[in-house]
Amino acid sequence: MSDTPGNREPGTAASGHRPTLAKVAELAGVSVSTASLAFSGAGPITPETRARVLDAAKELGYTGPNPLGRQLRSGRSGVVGVVVGDQLRRAFRDPVAVQVLDGLVSTLGENGLGVLLIPGIPSDDPARAVDPLVESAAMDVAVLVWGVGTDDATLAALQRRGVPVVVGEGREVEGAPLVAIRDRSGTADVVRHLVDLGHTRVAEVSLPLDTTDRSGPIDAERLAQVDRTPTANRLAGVRDVVEPVASWETEASLVEHGRSATLALLGRPGADGATVAADPSTRPTAVIAHSDLLAAGALLAARELGLRVPDDVSVAGFDGLDLPWLAPDVLTTVHQPLARKGAELGRAVIRQLAGETPTTVELDVELVVGTTTGPAPTT
């Protein structure tokens, strides 16, 4: 049998060795550089030429350039480090984090980039909370999804290594793109909605102020220690409209934390040791939560205390999540474009890799009124 291209066994070349890009180029009748462009998806190459190269590769059983060799030649790993800023087991229970990561990972994947997820490390000293992956893992860019602290050890470690960063919802970092949302004004909008309904005793369930996993009331001293930009923005948005009668910090944005915080804000110990609703003449008539999961927990706590929502107490959140398990209640909330925020982070990574000038993208949010807010009770 003659050794023509059509008679070769798949995965072999005329010499019997593993197929190479050079052999693919020879069979397709193009230069090696042109064949390389067909696999990279970039550069001046016609669709017809690309198809001829890929057909030749299929005939020879050639699956593409060696990824390690390509990385060595380009000086890049093809990996983006994504610092989620929390324990992964908690992050993946939060639909907000999941939707942002979905938008980010999808955008990076479409551009041939892989992802390394890096969790946060709770610590009483945030300046020392650095995951070992931050210090040693190969990555071309790092995305700090939920911003950076005042003395952020993760940012410092990445800057020492010369790893470019993209910041999500954080303070501005020189040389880094920033993707933010207008959460301060959005929070002010939902609180103004409560005030317009006649509420003057508004309680607040807050996101974590830092990485210490603390839970408890927020006084003036604690308020001055806030070191997370989303939390700082939402605290400020509340106070742009009204001074809350009580404010409670949670250790994470999960339903159970919103429930326990709201029981503390709206309840008091009963004669049998159980928590019961506080005196209606003094207890808050509205609860503003910094996230929808915290607001869902607040709603469950109100039900547990025997309070009607919104007749006895109004509840509002932030995020715009679809929470059908709260039916028949539909949260009043501030909708933010979660998947788009993730996609914008991904596009910022692409621009960083292309050497473009860093920019700031700020996304709009929108108040969405549901069934959980109503006029303040008259008692």
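Check off (1) modelled with pLDDT under 95; (2) open to solvent by less than 60 Å² (accessible area, probe 1.4 Å) for Leu235 and give me the number that stays unchecked.
Leu235 satisfies all of (1) modelled with pLDDT under 95; (2) open to solvent by less than 60 Å² (accessible area, probe 1.4 Å) except (1).
Restricting attention to the stretch 242-251, which residues are under 20 Å from the mean Cα position of the chain (by Cα) and either at pLDDT below 95 or open to solvent by 30 Å² or more (accessible area, probe 1.4 Å) (or both)?
Passing the criteria: only Glu251.
Just to be sure I understand the filter: pairs with C-beta atoms under 9 Å, separated by 6 or more residues or on different chains, first member in the stretch 287-300 and modelled with pLDDT of 95 or more, second member aromatic (Phe, Trp, Tyr). Which pairs pass?
Ile288/Phe318; Ala289/Phe318; His290/Phe318; Ser291/Phe318; Asp292/Phe318; Leu294/Phe318; Ala295/Phe318; Ala296/Trp325
Quick one: which helices (runs of 4 or more DSSP H) sit completely within the stretch 78-174 and have at least 1 residues that are surrounded by fewer than 21 Cβ atoms within 10 Å (Cβ to Cβ) and more than 17 Å from the chain's Cα centre (by Cα)?
95-110, 132-136, 153-161
I need every pair where a residue in the stretch 228-240 that is small (Gly, Ala, Ser) has its Cβ under 7 Å from the Cβ of a residue that is open to solvent by 20 Å² or more (accessible area, probe 1.4 Å) and in a helix (DSSP H, G or I), sequence separation at least 6 or different chains.
Going by the 7 Å Cβ cut-off, the qualifying pairs are Ala236/Arg184; Gly237/Arg184; Gly237/Ser185.
For residues in the stretch 200-228 being within 15 Å of Glu243 (Cβ to Cβ) and surrounded by fewer than 14 Cβ atoms within 10 Å (Cβ to Cβ), which is farthest from the chain's Cα centre (by Cα)?
Thr200
Return yes when Arg222 is charged (D, E, K, R), modelled with pLDDT of 95 or more and more than 23 Å from Gly85 (Cα to Cα) and no when it is not.
Considered against the rule, which asks whether it is charged (D, E, K, R), modelled with pLDDT of 95 or more and more than 23 Å from Gly85 (Cα to Cα), Arg222 comes out as no.
Pairs please, first residue from the stretch 44-59 and closer than 16 Å to Leu27 by Cβ, second anywhere and of a type in the set (Gly, Ala, Ser) and surrounded by fewer than 18 Cβ atoms within 10 Å (Cβ to Cβ), Cβ atoms under 9 Å, 6+ apart in sequence or on different chains.
Arg50/Gly41; Arg52/Gly29; Ala56/Gly29; Ala57/Gly64; Glu59/Gly6
Quick check on the stretch 178-187. Is at least one of its residues free of Cβ contacts under 8 Å to residues at least 12 places away in the same chain and open to solvent by 10 Å² or more (accessible area, probe 1.4 Å)?
The answer is no, given that none of the residues of the stretch 178-187 is free of Cβ contacts under 8 Å to residues at least 12 places away in the same chain and open to solvent by 10 Å² or more (accessible area, probe 1.4 Å).
Enumerate the pairs (first residue in the stretch 344-357 and among the acidic types (Asp, Glu); second residue anywhere and assigned to a loop (DSSP other than H, G, I, E, B) and open to solvent by less than 40 Å² (accessible area, probe 1.4 Å)) with beta-carbon separation below 6 Å, excluding pairs fewer than 6 apart on the same chain, so at least 6 apart or on different chains.
none
The values are calculated or read from the model by the stated rules, or taken from the named source; none is laboratory data. This one's a predicted model, so the numbers in the text were calculated from it and none came from an experiment. Neighbour counts are summed over all protein chains in view; Cβ atoms, including those assigned to glycine, are modelled from backbone coordinates with ideal geometry. With ligands, DNA and RNA removed, areas are computed over all heavy atoms of the protein, side chains included. Shrake-Rupley method; radii C 1.70, N 1.55, O 1.52, S 1.80 Å.
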